[in-house]
Amino acid sequence: MKKIILTGLTAAILFSCSSQKSETAENTTTTELTSEQQEAQAFLDEYSKTFQDLYTKSAEAEWASNTKIVEGDSTNAVATRKANEAFAAFTGSVENIEKAKKYLEQKDKLTDIQVKQLDAILYAAANNPQTVPDVVKARIKAETEQTEKLYGFDYRLNGKSVTTNDIDNILKTENDVKKRLAAWNASKEVGPGLKTGLLKLRDLRNKTVQNLGYDDYFTYQASDYGMTRPEMMAMMEKINQELMPLYRELHTYARYELAKKYGVKQVPDYLPAHWLPNRWGQDWSPMVEVKGIDLDGALKAKGDKWLVEQAERFYVSLGFDELPESFYTKSSLYPLPPNANYKKNNHASAWHMDLDKDVRSLMSVEPNSEWYETTHHELGHIYYYMTYTNPDVPVLLRGGANRAYHEAIGSLMGLAAMQKPFLAELQLIDKNTQTDEVQTLLKEALSYVTFIPFASGVMSEWEHDFYAKNLPADQLNKRWWELAKKYQGMVPPTERGENYLDAATKTHINDDAAQYYDYALSYVILFQLHDHIAKNILKQDPHATNYYGNKEVGKFLHDIMYPGASADWRKMLKDKTGEELSARAMVAYFQPLMDYLKQQNKGRKYTI
């Protein structure tokens, strides 16, 4: 799963609420404003200018720290820490907090867009309050050190250094269970060294936001949706319940099919973690090869650069602008050469460097189907940035309608790029190729549906307990595997004691904390958007769409993206799709698969 990066500390960028284009425009001039509004606007203009400057410097430092990691060289780490400290000192300054609060005391005299920006200022301040400057400085230092440990780790397999891409490829393709286990174990070796840093970060993150009235860091992150912590967890539970009937069928199917594949006679009640084709069991789609489609083969012939350029062509065909030339000159898009004397973060991400025209992506693109989908996803973030960077959206509101919308747009385009009619138009597959539609749907379900229990269950509940319940240091791994068994029906290959910290092997636990529910919500939203596009714009079967070249689809997406965080995310969803947040569309999309799975699972034992 690929995550937008708002540059570590700069994740103060603020996915708030309210209306759209005409409303945002009212604040762009001061001639029609009252004296109270003019005074507030003068503060907002001055704040925004400094905010943007310091944000950019922080982003540049973070970019350097993520794209050139040299063991033993702390140059980037020091520069990053200093840039983030300067950004934190400004956003969390006592003066800015007091001024924002003062103006909000007369919010009924201000415009809605001004109120949103002032709320955004206080939200940013809560992450960096200079009422506790030593705590903020210590947290920034701890986050920088954790990032260096995480991405500078030397993964080793059979005595040789390997990349996470190498480990992932083994788990996707290897049939020898012993070799799979060795690769899975290698992927978890980074965990123990991150434990001390993560415990320190919990303490510092909680103390930071508590200073501005939040109970804990998880509560702070959930508040960005206008939701309390219990409300967010209740929503996660609802999503899990709505998808559980289908997940139960997939879980049963996977246990029996993988046991057969690995030559194991006694089918286990729970899935051994190293059996699954993903380090955390979040994506099982490599289990299925759709006959008649050799997408990896077709893409290998195209080469890595073609994948990125084709993703751009997809967006341009919908009516969006071409990417700026600087995207290609400044991004880090491909794996480092084997002889490189430094490492980089291989986790795909999109960056809005200056909240203006400088957009970049950090990827390690290889010519295969996974990276083909990922390039479309990451460019979804990039085009979201480019679209809400407009005169009607103030700098402080240049974010998604909420954080999940950013992921939803990216994932939506990833889904659209993988649909058969579109692949045929690109001549990646023969349009006359007969494919098994059920197997295609199964492969998609093993990607999208299996992800939900991990995202809304394991990740969300573990981080909830870690931050809000102060999960004891001697129960971290125990709780992780309790949740994996409960939600995913997955167990470790062998006993995993507290000498391990398997949760920390997931990058987000370290550097994108307490917001993994963004992804679960994004999948729900993406299927709601796709359902509407397929049925009401394209008039096509949702399982066989072709967005390419359709300007009406482009306009639909543009209108969602244009107002950025000045839009009320609930109102936006209702206005665009006609329904509230619901997994209905996702359940409906995979409904044709249920009959097949029930037939396959006849006589089999259900364990979750």
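No lab work stands behind these numbers, since they all come straight from the coordinates. Please read these numbers as outputs of a predicted model, since none were measured by experiment. Using ideal geometry, Cβ is built from the backbone for each residue, glycine included, and neighbour counts are taken over all protein chains shown.
Considering only DSSP states other than H, G, I, E and B, which GluC sites (Glu not before Pro) in segment 548-582 qualify as loop sites with at most 14 other Cβ atoms within 10 Å?
In loop regions of segment 548-582 (DSSP not H, G, I, E or B), the sparsely surrounded GluC sites (Glu not before Pro) are 579, 580.
How far apart, in nanometres, would the label points at residue 196 and residue 339 be if each is projected 7 angstrom from Cα along the Cα-to-Cβ direction?
About 3.7 nm separates the two model spin labels.
Any idea how far apart residue 482 and residue 270 come out in nm if each label point goes 7 Å out from Cα toward Cβ?
1.2 nm
Using just the helices of the chain, give the 222 nm mean residue ellipticity in deg cm²/dmol: DSSP H runs with n ≥ 4 each add -39,500 (n - 2.57), and the total is spread over all residues, rounded to 500.
-17500 deg cm²/dmol
Please arrange 349, 161 by how many other C-beta atoms lie within 10 Å of their C-beta, fewest to most. If you can, show how the numbers build up before the last one.
Numbers: 349 20, 161 10.
With the fewest neighbours first, 349, 161 line up as 161, 349.
Could you compute the net charge surrounding residue 585? Neighbours are other residues with a C-beta less than 14 Å from the C-beta of residue 585; K and R count +1, D and E count -1.
-2
Set the Förster radius R0 to 41 Å, insert the Cβ-Cβ distance between residue 607 and residue 158 as r into 1/(1 + (r/R0)^6), and round the FRET efficiency to 0.05. If you can, show how the numbers build up before the last one.
On the way: r = 34 Å, r/R0 = 0.82.
E(calc), rounded to 0.05, equals 0.75.
Can you give the Kirkwood hydrodynamic radius for segment 144-207, in Å, rounded to one decimal and based on Cα pairs?
13.2 Å is the Kirkwood radius here.
Could you give the nm distance between label points at residue 291 and residue 470, where each point is 7 Å from its Cα heading toward the beta carbon?
Roughly 6.0 nm, to one decimal.
Full extension from residue 599 to residue 571: what is 0.36 nm times the residue separation minus their Cα-Cα distance, to one decimal in nm?
Computed gain between residue 599 and residue 571 is 6.0 nm.
Given 10 Å bins starting at zero, what is the percent of C-alpha pairs of segment 423-488 in each, up to the one with the largest pair distance?
For segment 423-488, the binned pair fractions read 18, 31, 19, 15, 13, 4 percent.
Could you give the length gained by full extension between residue 179 and residue 52, i.e. 0.36 nm per residue of separation minus their alpha carbon distance, to one decimal place?
Length gained, residue 179 through residue 52: 40.8 nm.
Mind jotting down the distance between the C-alpha centroids of segment 425-442 and segment 226-281, whole Å?
27 Å
Take the Cα atoms of segment 236-278, find their three principal axes, and give me the spread along each one in whole Å, biggest first.
37, 18, 13
For Cα extents along the principal axes in Å, which listed value, [x] 76, 55, 47; [y] 73, 63, 44; [z] 79, 68, 41, comes from the coordinates shown?
Checked against the structure: label [x].
On alpha-carbon atoms, Rg over Rh for segment 277-369 using Kirkwood Rh?
Details: Rg = 15.8 Å, Rh = 15.7 Å.
Ratio of gyration radius to Kirkwood radius for segment 277-369: 1.01.
Which whole-angstrom value gives the distance between the alpha carbon centres of segment 57-72 and segment 555-608?
With segment 57-72 and segment 555-608 each reduced to a Cα centre, they are spaced 37 Å.
Over the C-alpha atoms of segment 93-166, what are the Rg and the largest Cα-to-Cα span, Dmax, in Å?
For segment 93-166, the Cα radius of gyration and maximum Cα-Cα distance read 21.0, 67 Å.
Whole percent per 5 Å bin, from 0 to the bin with the longest distance: what is P(r) over all C-alpha pairs of segment 335-433?
It works out to 2, 12, 17, 19, 16, 13, 11, 7, 2, 1, in whole percents.
Given N residues in segment 390-532, what is its alpha carbon radius of gyration divided by 2.2 N^0.38 Å?
Cα-based Rg divided by the globular estimate yields 1.33.
Tell me the chymotrypsin sites (Phe, Trp or Tyr not before Pro) within segment 525-608 that lie in a loop according to DSSP and have at most 12 other beta-carbon atoms within 10 Å.
Answer by residue number: 606.
Can you give the extra length, in nm with one decimal, that the chain gains between residue 433 and residue 540 once fully stretched, where that is 0.36 nm per residue apart less the Cα-Cα distance? Each step should come with its number before you reach the end.
Details: separation 107, 0.36 × 107 = 38.52 nm, distance 1.92 nm.
So the chain would gain 36.6 nm between residue 433 and residue 540.
Sort the following peptides by mean Cβ neighbour count (other Cβ atoms within 10 Å, averaged over residues), highest first: 317-330, 203-216. Display every interim value, and only then the final one.
On the way: 317-330: 14.7, 203-216: 19.1.
Top to bottom by mean Cβ count within 10 Å: 203-216, 317-330.
Using a/c under 1.5 as the rounded threshold, could you call segment 210-251 rounded, prolate or oblate? The axes a ≥ b ≥ c are square roots of the C-alpha gyration tensor eigenvalues, and prolate needs a/b larger than b/c, oblate otherwise.
On the way: a/c = 4.80, a/b = 3.48, b/c = 1.38.
The shape class here is prolate.
Pull up all non-local amide H partners of residue 490: gap of 5 or more, or a different chain, and H-to-H distance under 5 Å with H placed in the peptide plane.
HN-HN under 5 Å from residue 490: 271, 485.
Give me the angle, in degrees from 0 to 90, between the Cα long axis of helix 164-173 and the longest principal axis of the Cα atoms of the chain, rounded to the nearest 10.
In the chain, helix 164-173 runs at an angle near 30 degrees to the longest axis.
Taking the inverse of the average 1/r across all pairs of different Cα atoms in segment 539-608, what Kirkwood radius in Å do you get?
It works out to 15.6 Å.
May I ask for log10 I(q)/I(0) of segment 461-508 at q = 0.23, 0.29, 0.31 Å⁻¹, from a Debye sum over the Cα atoms as equal point scatterers with solvent left out?
-0.86, -1.27, -1.35
Only bridges whose two residues both fall in the chain count here: according to DSSP, what percent of them are antiparallel, nearest 5?
DSSP beta bridges in the chain are roughly 75 percent antiparallel.
Filter the cross-link list 302/555; 431/539; 357/555; 535/555; 344/485; 539/576 down to pairs whose alpha-carbon distance in this structure exceeds 23 Å.
As for pairs spanning more than 23 Å Cα to Cα, those are 302/555; 344/485.
Volume per residue, Å³, of the convex hull around the alpha-carbon atoms of segment 192-349?
Hull volume over Cα atoms, normalised by residue count, gives 284 Å³.
Based on the Kirkwood radius over alpha-carbon pairs, what value in µm²/s does the Stokes-Einstein equation return for the translational diffusion coefficient of segment 171-248 at 20 °C and 1.002 mPa s?
Approximately 132 µm²/s, per Stokes-Einstein.
Past 22 Å, Cα to Cα: identify those pairs from 172/261; 305/506; 141/469; 178/602, in the order given.
From 172/261; 305/506; 141/469; 178/602, over 22 Å: 305/506; 141/469; 178/602.
Measure out, as a whole number of angstrom, how far apart the alpha-carbon centroids of segment 177-198 and segment 115-160 sit.
23 Å
For each of 347, 352, count neighbouring Cβ atoms within 10 Å of the residue's Cβ, then give the residues from fewest to most.
Numbers: 347 20, 352 28.
Ordered by Cβ neighbours within 10 Å, fewest first: 347, 352.
Report the Stokes-Einstein translational diffusion coefficient (µm² s⁻¹, integer) for segment 378-417, Rh taken as the Kirkwood radius over Cα pairs, at 20 °C with viscosity 1.002 mPa s. Kindly include the intermediate steps, with their values, before the conclusion.
On the way: Rh = 10.4 Å.
Answer from the Stokes-Einstein relation: 205 µm²/s.
Taking neighbour counts of Cβ atoms within 10 Å as a proxy for exposure, in what order, fewest first, do 490, 561 appear?
With the sparsest Cβ surroundings first, the list reads 561, 490.
Run through all the Cα pairs of segment 47-97 and give the fraction in each 10 Å bin from 0, expressed as whole percent.
27, 44, 21, 7
Per the Cauchy relation, a quarter of the hull surface: what is the mean projected area of the convex hull of the alpha carbons in segment 138-283, in nm²?
On the way: hull surface 45.8 nm².
Projected area, direction-averaged: 11.4 nm².
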